[in-house]
Amino acid sequence: MNIWTDICVNLTNQRFASDQEAVIERAINNGVQRMLIVGTDITSSHAAIELCHRYPDHMRATVGCHPHDAKTMDEKAWQQLEDLLASPMVVAVGECGLDFNRNFSEPATQLEVFARQMALASDKDLPVFLHERDACIEMLSILSQYPKPKKVIHCFTGSEEQAQGYLELDCYIGVTGWVTDERRNQDLVSAIEIIPNERLLIETDAPYLLPKNIAPKPKSGRCEPCHLPYVSEKIAELRNTNHDVLVAVTTLNSIKLFNWPVAESLL
Ligand SMILES: [Zn+2]
C-alpha cells in the first residue's frame, strides 16, 4: 500500500480549527499517513508540537519564523524558539527564508532573522525548511554560506534555472498543487523534469493551494492533506513516471531528509 508524505501542512491554521480531527482522519484514510506540521512563528510552532504528541506515528513538526513574521522576533522569542527545537517531535528549522514579494517584514529584518535560523540549524544539526518568493539570488547566496544543514525549498514555483541553482546547493525541492494550475505553472512545469528522483518531495501547503485537478471542486475551496494524491498524480504525469514509484520515492526522501522513519504501525 502506498504511504504518502505531505511535507507541508499548516494544520494549526484557523481554517482547520472547527474540524481538525476529521481533516486528519480523511488524510490518513486516503493514504496520506505522514504529515509534517509546519510552524511559522512561536505560537504555531508550539501548537505544531502539541499536535504531533497526539499523532506521534503520523506527524512531525518544524519550528521557526516565517519571513512574514521576522519583525516579531525579539530576544525572548529567540529563546522560546531554541527551547522548542529541543522537542523530539521537531525535525527541521522553519519555515524560514525570504519573501520580497509581499515584504510584510522589512527585507533587512528578513535577512537577519533568516541568517540566524540558518546558524541555529547548523548548530543543532537539523535540516532547514525554506520559503522563498522573489528572492532567489539572495537566498542562494545565504544558503551557500551554510553548507552543513540539509535543505528543502518548499512550494517551489520557479524556473528551470532557479531549480538548477537550488540543486547545485544540494537542496531538496518540494512541489505543491501549484503544478496543477495552468494559469501560472509554466515555469514550474519546465523545471520539474530536471529535479532528480532523490531530490523530489511533495506537499499540499494546506489550507492553501487547492489542486485544480480535483473534480468536483470542494465547496469550501480549502485544500486538505487528503488532496495530496492529486498533486502526486500530476507530477507523475509530467515526469512520465509510474505514480506508485513516485509516491514511494518521495516518502523515502522524507525519511532521509528529516531522519524520520516510517512508524511500525503504518507498515
Ligand atoms: Zn511557504
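The values are calculated or read from the model by the stated rules, or taken from the named source; none is laboratory data. It should be emphasised that the depicted structure is a prediction, and the values quoted were computed from it without experimental measurement. Heads up, the Cβs are rebuilt from the backbone with ideal geometry, glycines too, and the neighbour counts pull from every protein chain shown. Accessible surface areas use protein heavy atoms only, side chains included; no ligands, DNA or RNA. Shrake-Rupley method; radii C 1.70, N 1.55, O 1.52, S 1.80 Å.
Basic side chains Lys and Arg get +1 at the Cβ, acidic Asp and Glu get -1 at the Cβ, and with that the dipole of the chain about its Cα centre reaches some 440 debye. When all alpha-carbon pairs of the chain are counted, what percent fall beyond 31 Å? The answer is 18 percent, as a whole percent. Scanning residues 5 or more positions from residue 103 or on other chains, none has an amide H under 5 Å from its amide H, with H placed 1.01 Å from N in the peptide plane. Approximating the spin labels as points 7 Å out from Cα along Cα→Cβ, the residue 217-to-residue 244 distance works out to 3.4 nm. Apolar share of the accessible surface for the chain: 48 percent from carbon plus sulfur atoms, 1.4 Å probe. Rolling a 1.4 Å probe over the protein heavy atoms leaves residue 74 with an accessible area of roughly 90 Å². Kirkwood radius, the stretch 1-69, all distinct C-alpha pairs, inverse of mean reciprocal distance: 12.2 Å.
For 227, 53, the ranking by accessible surface with the largest value first comes to 53, 227, using a 1.4 Å probe. Placing +1 on the Cβ of every Lys and Arg and -1 on the Cβ of every Asp and Glu, with no other charges, gives the stretch 66-151 a dipole of roughly 240 debye about its Cα centre. Rounded to the nearest 500, the 222 nm mean residue ellipticity of the chain from helices alone is -12500 deg cm²/dmol, with -39,500 (n - 2.57) taken per DSSP H run of at least 4 residues. The distance linking the stretch 90-113 with the stretch 45-66 is 20 Å (Cα centroid to Cα centroid, whole angstrom). Applying a DSSP loop filter and a limit of 13 other Cβ atoms within 10 Å to the trypsin sites (Lys or Arg not before Pro) in the stretch 159-267 leaves 183, 184, 219.
First measure r as the distance between the Cβ atoms of residue 237 and residue 26, then evaluate 1/(1 + (r/R0)^6) with R0 = 22 Å and state the FRET efficiency to the nearest 0.05. E(calc), rounded to 0.05, equals 0.40. Normalising the average separation of contacting C-alpha pairs (under 8 angstrom, six or more residues apart) by the number of residues puts the relative contact order of the stretch 66-151 at 35 percent. Based on the alpha-carbon gyration tensor of the stretch 66-151 and its eigenvalue square roots a ≥ b ≥ c, which shape applies: rounded if a/c is under 1.5, prolate if not and a/b is larger than b/c, or oblate? Here the stretch 66-151 falls in the oblate category.
Dipole magnitude for the stretch 1-153: about 340 debye, using +1 per Lys or Arg Cβ and -1 per Asp or Glu Cβ, origin at the Cα centre.
For the Cα trace of the stretch 201-267, dividing Rg by the Kirkwood Rh returns an Rg/Rh value of 1.02.
Rolling a 1.4 Å probe over the protein heavy atoms gives the stretch 66-151 an accessible area of 46 Å² per residue. Structure note, pairs 234/256; 76/124; 71/234; 151/234: Cα-Cα distances above 27 angstrom occur for 71/234. Of the DSSP H helices in the chain, those with a Cα length along their own long axis of 20 Å or more and a mean Kyte-Doolittle hydropathy reaching 0.0 comprise 243-258.
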